[in-house]
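> Please find one structure pasted underneath; my questions will follow.
The values are calculated or read from the model by the stated rules, or taken from the named source; none is laboratory data. Remember, predicted model here, so these are calculated numbers, not experimental data. Here the Cβ positions follow ideal geometry from the backbone for every residue, glycine too, while neighbour counts run over all protein chains shown. Note: areas computed on protein heavy atoms with side chains; ligands, DNA, RNA excluded. Shrake-Rupley method; radii C 1.70, N 1.55, O 1.52, S 1.80 Å.
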Amino acid sequence: MSGTAPAIELKGISKAFGPVQANKDISIRVMPGTIHGIIGENGAGKSTLMSILYGFYKADKGEVFINGTKTEIPDSQAAIAAGIGMVFQHFKLVENFTVVENVILGAEDGAMLTPSIAKARKSLKQLAEEYELNVDPDAKIEDLSVGHQQRVEILKALYRQADILILDEPTGVLTPAEADHLFRILDNLRNEGKTIILITHKLREIMEYTDTVSVMRQGEMTATVKTAETSPEQLAELMVGRKVLLRVDKKPAAPGDVVLSVKDLKVTDGAGVERVKGISFDIRAGEIYGIAGVAGNGQSELMEVLGGMRTGTGTISLNGEPVDLTGKYSDGQSRRARGISHVPEDRHDEGLILDYTAWENTIFGYHRDPKWSSGPLMNNAAIIQEAEAKMQRFDVRPPIPTLKAKSFSGGNQQKIVLAREIEKNPDLLLVGQPTRGVDIGAIEFIHQEIIRLRDEGKAILLVSVELDEIRSLSDRIAVMFDGKIMGERDPETTDERELGLMMAGISEEPDKPAWKAVEENLEAVEHGEAPKHG
Amino acid sequence: MDKMPAWADVVLIPIISLILAGILSTLVILAIGENPLEAYKLMIEGALMRSAGWGYTLYYATNFMFTGLAVSVAFHARMFNIGGEGQAMLGGLGVALACLFIPWPHWSLAILGSSIGAALFGAAWALIPAYLQAKRGSHIVITTIMFNFIAAALLNYLLVGLLKPAGAMDPATAKFPEPTHLPTFQDMFATAETPLFRGAPANVSFFLALLACLLVWLLIWRTKLGYEIRAFGYSQSGAKYAGISGVKTIIIAMLISGGLAGMMAVNTTQGEAERLILNMTEGAGFIGIAVALMGRNHPFGVLLAAILFGFLYQGGAELALWTSIPRELIVVIQALVILFTGALDNMVRMPLEKLFLALRKKEA
Amino acid sequence: MDFLTILQVLDSTIRLATPLLLACLAGLFSERAGIFDIGLEGKMLAAAFFSAAVAYMTGSVWLGLLAGIAASMALSALHGIASITFQGNQLISGVAINFLAAGMTVLIAQDWFSQGGRTPSLTGAGRFNSITLPFAESLQSVPILGPIYHDLISGHTILVYVAFLMVPLTWWILFRTRFGLRLRAVGENPAAVDTAGVSVVGLRFAAVGICGILCGVAGAYLATALQAGFVKDMSAGRGYIALAALIFAKWRPWYALMSTMLFGFLQAIALRPDLIQNTIGVKVQVQLLDALPYILTVIILAGFVGKAIPPRAGGEPYVKER
Amino acid sequence: AEPAMIYDLGGKFDKSFNEAAFAGLTRFSEETGTEVREIELQSEAQREQALRRFADAGANPIVMTGFAFGNVLAEVAPDYPDTKFAIIDMVVDEPNVRSVVFNEHEGSYLVGMMAAMASETGTVGFIGGMDIPLIRKFACGYAQGVKAVNGDASVVANMTGTTPAAWNDPVKGSELTKAQISQGADVIYAAAGGTGVGVLQTAADEDILSIGVDSNQNYMHPGEVLTSMLKRVDNAVYDAMIAGADMETGFNVMGVANGGIDYAMDEYNAELVSEEMQTAVDEAKAAIASGELSVHDYTSDSTCPALEF
Ligand SMILES: Nc1ncnc2c1ncn2[C@@H]1O[C@H](COP(=O)(O)OP(=O)(O)OP(=O)(O)O)[C@@H](O)[C@H]1O
Ligand SMILES: Nc1ncnc2c1ncn2[C@@H]1O[C@H](COP(=O)(O)OP(=O)(O)OP(=O)(O)O)[C@@H](O)[C@H]1O
Ligand SMILES: [Mg+2]
Ligand SMILES: [Mg+2]
């Protein structure tokens, strides 16, 4: 025990959301001037714990000590006063406000806005210099990239003079280069004596940047260790409670005929912005074609066009037959009838109707299939029976088809979607972010299922922001940046660095520091110019 | 894991809400210097203890079933159809045209024709707001309110001018011909020895409303269309993913909704007045909102809630007959019922959920 | 149409637009904070009754005004409790409030005055009388500007001037003060406000309260300035028109002024079938004139003014814990 | 048996004929000390219900206001041969029914004459409530009276609206009044229920003359209301109730001839009505009474010789 008091000490924190016990009797200590990592499966209670520390939720039980003094944190105001700042997993920014407006919101000086804004402008400039946190103070949030939005969140905290900064999964949406930049900033902050809590799913980040790490499982704190004294394998085991295979086992692919052929596909979104700028590729039977890229570079739109949710121009053909892209003669249902199944990126908003029962969800999108109905009426009994069988096969827990979808955990929800789409035995499977928000155990299972389908000779298009996932599943990897495919790589021969650069829109340019090129490129895109590199 | 058992959600909460509305109503009656017990006794005796009372209660309930179903079908697609009033007025027009200009040989055929007329006209009146919502994003709440006003002006124009028989005073059409008159409960159930439902306006369209409840139930919970409507209502992005067309779903749901609201006119216009009068809806379109809310947008719930509101109407009439309580008391009671069963639902729900959680914890 | 007739129509426009403007600004505060309010109608009605009743009983229109505001705020509080505290459905709460006001006003009026849900007529200090602005008389002879000043600008009740002053004031509050920033933020993203350490509930209640005050003034204007007493249902759908005007105005104060003036003008012109007949040369059915403001509203909403994007968090209760 | 009273949907305080009926009822119960059962309807379907419930309860006679009862009463009356019914504003041909109808066009004609004579601008106004034939009947009689005095006079006629709300929109009544004033009207006749309150108020505020309707409304703004067109529904109700169970049945036309329709003179408008005005109007009144002068009734053929709708 050293003489200094811990910056943060939580004692016996418990919190229930209705019947869900999100935090059970959690205690933790974080020393000042350190970066403390927290890892755990989805739903383990990490965000809840931090939200309690930030006064966003109120704990049912427990005490908080800041710098050794017991502190009541009934609301965020109190947390801010105690020097705590938090960057949430989903940013809490007002989209159509400018950066300064967001920064001063709640921390204004006096009742009038003008002086507050003037002052904030000045101190933003200072902070930008001090911590490499540049953003245009008059830009609207909705016009900024995620990376810059995140900077605004950090600026908000620093503007409120936070000494303790909590970051909840900050790198999930960043390019590797942006992530590097972020960690440089965090390093600076730590060197200034600030305390940082970092929640992440990425063991690599924990190992590289943190001083100490805590592991959570099912609402409980299972261990706190010094980072230097642990290993990724040990952390994974602590997280899931058993040994986990961190790599996927698969046989080499045996590609057959071309199933999907895409030529010069362009997609324009509702606001008139071109999101996919003329891409072409083929996928063969029995192979997994992985698309890597930072979220928002046109992958979602690509998937949506293929799935019939959007219109586009160009040509696609399935098994040699053309597919209508105008939306006039086709929609999601006719795509399904043609043998395209689609596991959407967002299971809550798209893949499932959360208020529908599991059995209703097992025919979602296929409900017009004559198999399920007699005349205008649906054959509910048959659907339920079939649903039960599917749930058994996909090990959905609990296998009760009459439960509402929202009462399943994330991993099981994803399994319901997969059961529906894979059991359809499609020619082409579109899979977006298959393991986002899914715990490690379920990830293993889902990966195996995808590979099984490939080995049965189906074509699979996989989109994921997780490089590791792309690399371990795909037979060919394409990287999308700014609506275009930057190039294709063989997973065996490429590496994270190369892919990371491509994700930022850069082919190798040895004479320039990578971060510099990255920044310039992102900036150009943001300002609507053509990227300078790539 | 649900927070509480389904029966508590479906039965307990509405009952507690109703009791709260009742308590406040009692206070209001006390405040205007009347005796609440007397009042409630009068209402119950007048509405439920005589066959003719039931004849009125069910007559009103028929209207509310149609408008309540209309609101709930639209609501399943997350469309808030406040235009029941206007759609019912247009439905009345459809009934009148069908009854006046087609020589029906028998009521059984006439009711078919007039139902189709009512549904078509009501649906047509819902079509424009639906289209504007689906295609142009015009807020359906506002457009349907506007369409209520426009319907009133249109009906006025027709009834003061074109459709009014020469020499008549009322802004109303001519009386419908004899063969279109619908059998009332009295015609159907009374015998010489047992004079039931004397003078009460309840008529065969009550059974039409029951049938509508059944069909709506089938539609929403048993058909592919209903599946799509609900899916769209729960999640528009989900519907898009599944290839369910938003435009189509909105328009179809609103057409069905408008058609149902229009069918209310079969009861009032063909069944009761036997001619189209200007004020034929009498606010039933708005009551439909409350009925749908109370009935949790389920046809069976709508049926029960419609009967409750029918009882309030008929009970209120009895109050007006035998006491000097102003008729607006019933409006206040309705407001309280809507408030507690609709807007303040969580006030009852939150503590109940806590209670059930605590109970469950104790068991475990 | 000669100049004086135009002035008269515009004068009528101002009087008819005033309650719409007040109600529209009321709705603006509420909806900017994310609380939809179709109960404007009911609040106006309640305020109209209580202002007239109290003005009659005390003989002071100012006390009447206060009473009207208090009544409207009481309904606002109800709306707040239902939709903010208990996270209920805002539309339903609004419908209930409209019913409640329609019933209660008549019930109480009958209990107090026994005049069939009406208040006795107000006289003298029980009413807002029109104000003649300085120099109105002496400037009347100045061509063009004189009549405009005398007939159009001067000669309204104080509440009309209050309503018009509310427009710049609302703009200033919303866009130049800390309160306004927070208010707008809470209608866009309440979570951002919450995590910035400001109470969402407090802000929303404040907005709903301001909405109550303005609806109260609108109702009092109907009963004690435009009229000399309350009759049942005297708000006659103005709350709904104000809502439509608010959407038309895209939730902005200056646009609110313009859109309510437009609606006021439509209503004023509907009162002058003779002018319409003279201008377009054909006689227009009264029923069509009567429906005209509503038809135009629909046409406007159909997107001829571009898409109106409501505050993003509008209509949704702020729920932290699901 | 005590009598019963059923008011039409407008309610008994409609500042119009229901209220006049209420006045008759009040006079009856004050004079005789008898309680009278009353109901204000709230829906169409209650017409029959109220009739039957009162008849079953032994009320006699049962008086109702409004033409809308016509159809229903024709069905109900035969079921209660021992009960007497009186209906106002409609004819029902049954042995136990007294039908009282009013020649409102005659009274409107008289006040129209007065308006034309009192007008200095040669323009007079009419503001109706909801646009229904009955109100057009008022307007048409009024316009004929105006033209009879001054063929060049113009009549500005407006209806308040097309929904029942038109009976209760004094704000719109006010604005219509102002609009009519700006068109030159300096006498305005309001036949608009509660909306008329706004008309009379604004006319008084703007210092022009107004004309009340149904009941004597001269008192509302002393010295500012020219006269009121009286429709003595109160008398009809009083008479029926006083006659009790022995009420004579049959057809009863109340017009200028039998004092059922009149115009109001009292201390409040004495100064407004000149000698010669009164003479002229009384002459016309006599002519109408004797049948010499016939005023066109709009509802007879839905046309009006003096006014276009
Ligand atoms: N606002 C809420 N209302 C109800 N339940 C909640 C709420 N927030 C979280 N939960 C539940 O509490 C549990 C813990 O959730 P939490 O968000 O803290 O997990 P997490 O560890 O941050 O997961 P993730 O990795 O997905 O961010 C989960 O079961 C979750 O469903
Ligand atoms: N020597 C350095 N080492 C590490 N990072 C640096 C270095 N110099 C600049 N940066 C960071 O790299 C980013 C890009 O630098 P650049 O000079 O383009 O800044 P900027 O354009 O003002 O920033 P922004 O992209 O926020 O508008 C900046 O955020 C800056 O903080
Ligand atoms: Mg989390
Ligand atoms: Mg830069």
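> Tell me the volume per residue, in Å³, of the convex hull enclosing the alpha carbons of the stretch B:1-60. Please report the intermediate quantities before stating the final value.
Values: hull volume 6.8 nm³, N = 60.
That works out to 114 Å³ per residue.
> On to the next question. Which three numbers, in whole Å and largest first, are the semi-axes of the equivalent ellipsoid of the stretch D:29-136 derived from its Cα gyration tensor as √(5λ)?
Numbers: eigenvalues 249, 51, 37 Å².
The equivalent ellipsoid of the stretch D:29-136 has semi-axes of 35, 16, 14 Å.
> Still on this structure, I have one more. Spin-label point model (7 Å from Cα, Cβ direction): what's the residue B:102 to residue C:312 distance in nm?
With each label point 7 Å from Cα toward Cβ, the separation is 5.2 nm.
> Mind grabbing the interface size between A and C? I mean buried accessible area, both sides, 1.4 Å probe, in Å² to the nearest hundred.
Values: alone 24010 and 15120 Å², together 36950 Å².
Separately minus together, A and C give about 2200 Å² buried.
> On to the next question. For chain A, what is the charge dipole size about the Cα centre, in debye to the nearest 20, if Lys and Arg each add +1 at the Cβ and Asp and Glu each add -1 at the Cβ?
Working: 62 positive and 82 negative charges, 265 e Å.
That gives a dipole near 1280 debye.
> Now, a different point. Just need log10 I(q)/I(0) for the stretch A:8-240 at q = 0.07, 0.08, 0.16 Å⁻¹, Debye formula, equal scatterers on the alpha-carbon atoms, no solvent, rounded to two decimals.
Rounded to two decimals, the profile gives -0.22, -0.29, -1.15.
> Which residues, if any, in the stretch D:48-69 lose at least 30 square angstrom of accessible heavy-atom surface (probe 1.4 Å) when the other protein chains sit next to their chain rather than the chain being alone?
Hits at the 30 Å² cut-off: D:48, D:49, D:52, D:53, D:67.
> Something else: Do any GluC sites (Glu not before Pro) in the stretch B:233-285 lie in a DSSP loop with no more than 13 other beta carbon atoms within 10 Å, and if so, which? Show your work: numbers first, answer last.
Details: sites: B:272, B:274, B:282; in loops: B:274, B:282.
Loop-located and lightly packed - none at all.
> I would also like to ask the following. Residue A:46: which lysines have alpha carbons under 16 Å from its alpha carbon, excluding same-chain residues fewer than 8 sequence positions away?
Counting by Cα, and skipping residues close in sequence, residue A:46 has these lysines nearby: A:11, A:15, A:24, A:58, A:202.
> Still on this model: Nearest 500 deg cm²/dmol is fine: what mean residue ellipticity at 222 nm does chain A get from its DSSP H runs of n ≥ 4 alone, each adding -39,500 (n - 2.57), divided by its residue count? Don't skip to the answer; put the middle values down first.
Working: 17 runs with 174 residues, N = 534.
Result for chain A: -9500 deg cm²/dmol, rounded to the nearest 500.
> For chain B, what are the DSSP H helices with axial Cα length of 30 Å or more and mean Kyte-Doolittle hydropathy of at least 1.0? Display every interim value, and only then the final one.
Numbers: long enough: B:51-76 (35 Å, 0.66); B:107-131 (34 Å, 1.43); B:299-322 (34 Å, 1.45).
Within chain B the helices that satisfy the rule are B:107-131, B:299-322.
> Take the Cα of residue B:360, step 7 Å along the line toward its Cβ, and report every residue of the stretch A:410-453 whose backbone nitrogen sits under 20 Å from that point.
Residues A:410-413 qualify, since their backbone N sits under 20 Å from the label point.
> Using only the Cα atoms of the stretch A:450-501, what do you get for the radius of gyration and for Dmax, in Å?
11.5, 34
> If you don't mind, another one. Applying 1/(1 + (r/R0)^6) with R0 = 56 Å to the Cβ-Cβ distance of residue A:140 and residue D:257, what FRET efficiency is obtained, to the nearest 0.05? It would help to have the intermediate numbers written out before the result.
Values: r = 80 Å, r/R0 = 1.43.
Once rounded, the FRET efficiency stands at 0.10.
> Please compute, for the alpha-carbon atoms of the stretch A:189-318, the extent along each of the three principal axes and give them in descending order in Å.
55, 41, 27
> Let me know the charge dipole size of chain C about its Cα centre in debye, to the nearest 20, where only the beta-carbon of Lys, Arg (+1) and Asp, Glu (-1) is charged.
Values: 20 positive and 15 negative charges, 141 e Å.
The calculated dipole for chain C is roughly 680 debye.
> Quick check: at a probe of 1.4 Å, how many percent of the accessible area of chain B sits on carbon and sulfur atoms?
Solvent-exposed carbon and sulfur of chain B make up 71 percent of the total.
> Determine ³J(HN,Hα), in whole Hz, for all residues of the stretch A:316-333 in sequence, where each value follows from phi through the Karplus function 6.51 cos²θ - 1.76 cosθ + 1.60 and θ = phi - 60°; x replaces Gly and Pro.
These are the phi-based 3J(HN,Hα) values: 10, 9, 10, 6, x, 9, x, 10, 5, 10, 7, x, 6, 10, 8, 8, x, 6 Hz.
> While we're looking at this one, here's another question. Using only Cα atoms and rounding to the nearest 10 degrees, what angle (0 to 90) does helix C:238-248 make with the longest principal axis of chain C?
Taking Cα atoms only, the helix is inclined about 70 degrees.
> Still on this model: For the interface of C with D, what's the total buried accessible surface in square angstrom, probe 1.4 angstrom, rounded to the nearest hundred? Display every interim value, and only then the final one.
Working: alone 15120 and 12770 Å², together 25430 Å².
It comes to approximately 2500 Å² buried between C and D.
> Express in whole angstrom the spacing between the alpha-carbon centres of the stretch C:136-153 and the stretch D:152-182.
The stretch C:136-153 and the stretch D:152-182 have Cα centres separated by 27 Å.
> Quick one: accessible area per residue over the protein assembly as shown, 1.4 Å probe, rounded to a whole number of Å²?
Numbers: 55310 Å² over 1529 residues.
Accessible area per residue: 36 Å².
> Which part of the stretch D:76-92 falls in the paramagnetic zone of residue D:245, meaning amide N under 20 Å from the point 7 Å along Cα-to-beta-carbon?
Flagged as within label range: D:77-87.
> With each label point set 7 Å from Cα along the Cα-Cβ vector, what nm distance links residue A:225 and residue A:89?
2.4 nm
> Now for a separate question. With contacts defined as alpha carbon pairs under 8 Å and 6 or more residues apart, what's the relative contact order of chain D in percent? Please list the in-between numbers first.
Values: 715 pairs, mean separation 62.7, N = 309.
This gives 20 percent for chain D.
> Next question, about the same structure. For the stretch A:1-30 and the stretch B:154-232, what is the centre-to-centre distance using only Cα atoms, to the nearest Å?
With the stretch A:1-30 and the stretch B:154-232 each reduced to a Cα centre, they are spaced 65 Å.
> Another one. Rounded to the nearest Å, what's the spacing between the alpha carbon centres of the stretch C:247-293 and the stretch D:218-269? Just the number, please.
First find each Cα centre; the distance between them is then 40 Å.
> Right, next: Too long at a 31 Å Cα-Cα cut-off: which of D:84/D:285; A:156/A:277; A:458/B:248; A:277/B:135?
Values: D:84/D:285 33 Å; A:156/A:277 35 Å; A:458/B:248 34 Å; A:277/B:135 27 Å.
Those over the limit are D:84/D:285; A:156/A:277; A:458/B:248.
> Shifting gears a bit: What helices in chain A pass both tests, a Cα length along the helix axis of 15 Å or more and a mean Kyte hydropathy of 0.0 or higher, using whole DSSP H runs? Kindly include the intermediate steps, with their values, before the conclusion.
Values: long enough: A:113-131 (26 Å, -0.56); A:146-159 (19 Å, -0.11); A:176-191 (22 Å, -0.56); A:380-393 (20 Å, -0.56); A:410-422 (18 Å, -0.34); A:440-455 (22 Å, 0.27); A:514-526 (18 Å, -0.36).
TM-like helix candidates: A:440-455.
> Let me ask something else. Checking a compactness column here: for the stretch A:349-424, what do you get for Rg(Cα) / (2.2 N^0.38 Å), N being the number of residues?
Details: Rg = 11.4 Å, N = 76, 2.2 N^0.38 = 11.4 Å.
Rg over 2.2 N^0.38 Å, computed on Cα atoms: 1.00.
> Between 0 and 90 degrees, rounded to the nearest ten: what's the tilt of helix D:233-243 against the longest Cα principal axis of chain D?
For helix D:233-243, the angle is close to 30 degrees.
> If you take every DSSP beta bridge fully contained in the protein assembly as shown, what fraction is antiparallel? Give it as a percent rounded to 5.
On the way: 54 of 128 bridges.
Within the protein assembly as shown, antiparallel bridges account for around 40 percent of the total.
> Over the stretch A:8-240, calculate the relative contact order: mean separation of alpha carbon pairs under 8 Å at least 6 apart, over the residue count, as a percent. Walk me through the numbers on the way to the answer.
Details: 442 pairs, mean separation 67.1, N = 233.
Relative contact order for the stretch A:8-240 comes out at 29 percent.
> Compute the helix-to-body angle for C:253-270: its Cα long axis versus the longest principal axis of chain C, expressed 0 to 90° and rounded to tens.
For C:253-270 against chain C, the angle is about 40 degrees.
> Counting only protein heavy atoms and a 1.4 Å probe, tell me what percentage of the stretch C:15-104's accessible area is made up of carbon and sulfur.
Result for the stretch C:15-104: 77 percent of the exposed heavy-atom area is carbon or sulfur.
> Continuing with the same structure: Taking the highest mean first, how do the peptides A:86-99, C:208-221 order by number of other beta carbon atoms within 10 angstrom per residue?
Working: A:86-99: 20.7, C:208-221: 29.1.
Taking the mean over residues of other Cβ atoms within 10 Å, the ranking is C:208-221, A:86-99.
> Additional query: Under Stokes-Einstein, with the Kirkwood radius over Cα pairs standing in for Rh, what whole-number D in µm²/s applies to the protein assembly as shown at 10 °C and 1.306 mPa s?
Details: Rh = 36.1 Å.
Reported coefficient: 44 µm²/s.
> Another question, then. What percentages, rounded to whole numbers, describe P(r) for the stretch C:203-277 computed over all alpha carbon pairs with 5 Å bin width beginning at zero?
Answer for the stretch C:203-277: a P(r) of 3, 13, 16, 23, 22, 13, 6, 2, 1, 0, 0 percent.
> Also, quick follow-up: Could you work out the relative contact order of chain A? I mean the mean sequence separation of Cα pairs under 8 Å and 6+ apart, divided by the number of residues, in percent. Spell out each step's value before the answer.
Details: 1050 pairs, mean separation 75.2, N = 534.
Normalised by residue count, the contact order of chain A is 14 percent.
> Rounded to the nearest whole Å³, what is the per residue volume of the convex hull around the Cα atoms of the stretch B:138-207?
Working: hull volume 11.4 nm³, N = 70.
With only Cα atoms used, the stretch B:138-207 gives 163 Å³ per residue.
> Counting every Cα pair in chain C, what percent are over 30 Å apart? Could the numbers behind the result be given before it?
Values: 18811 of 51681 pairs.
Percent of Cα pairs beyond 30 Å in chain C: 36.
> Report, as a whole number in µm² per second, the diffusion coefficient that Stokes-Einstein gives for chain B at 20 °C and 1.002 mPa s using the Kirkwood radius over alpha carbon pairs. Don't jump to the answer; show the numbers that get you there.
Numbers: Rh = 21.4 Å.
D, rounded to a whole number, is 100 µm²/s.
> I'd like the interface area for chains B and A: accessible area of each alone minus the complex, both sides summed, 1.4 Å probe, protein heavy atoms only. What is it in Å² to the nearest 100?
On the way: alone 17370 and 24010 Å², together 38800 Å².
Roughly 2600 Å² of accessible surface disappears when B and A pair.
> Separate question: Kindly tabulate the residues in the stretch B:173-203 with an accessible-area decrease of at least 30 Å² between the chain alone and the assembly of all protein chains, using a probe of 1.4 Å.
Buried on complex formation: B:175, B:198, B:199.
> I've got another one for you. Below 14 angstrom from the Cβ of residue A:276, what's the summed charge of the other residues (Lys, Arg +1; Asp, Glu -1)?
Details: positive: A:263, A:266, A:275, A:277, A:310, A:484; negative: A:264, A:269, A:274, A:301, A:304, A:482.
That sum, taken over residues with Cβ under 14 Å, equals 0.
> May I ask for the net charge around residue D:57, where only other residues with Cβ less than 10 Å from the Cβ of residue D:57 are counted and Lys, Arg are +1 while Asp, Glu are -1?
In short, +1.
> By per-residue mean of other Cβ atoms within 10 Å, what is the highest-first order of A:270-276, D:261-267, B:80-86?
Working: A:270-276: 13.3, D:261-267: 19.1, B:80-86: 28.6.
Peptide ranking by packing, descending: B:80-86, D:261-267, A:270-276.
> At a cut-off of 50 Å², which residues of the stretch A:368-409 become less accessible once all protein chains are present than in their chain alone, using a 1.4 Å probe?
Buried by the other chains: A:368, A:377, A:378.
> At a 1.4 Å probe radius, carbon and sulfur cover how many percent of the accessible area of the stretch A:8-240? Spell out each step's value before the answer.
Working: 4230 of 8960 Å².
The nonpolar share, carbon plus sulfur, comes to 47 percent.
> In a shell of Cβ-Cβ distance under 13 Å around residue C:204, excluding residue C:204 itself, what net charge do Lys and Arg (+1) and Asp and Glu (-1) give? Please list the in-between numbers first.
Values: positive: C:32, C:182, C:184; negative: C:31, C:37, C:188, C:194, C:316.
Charge balance near residue C:204 sits at -2.
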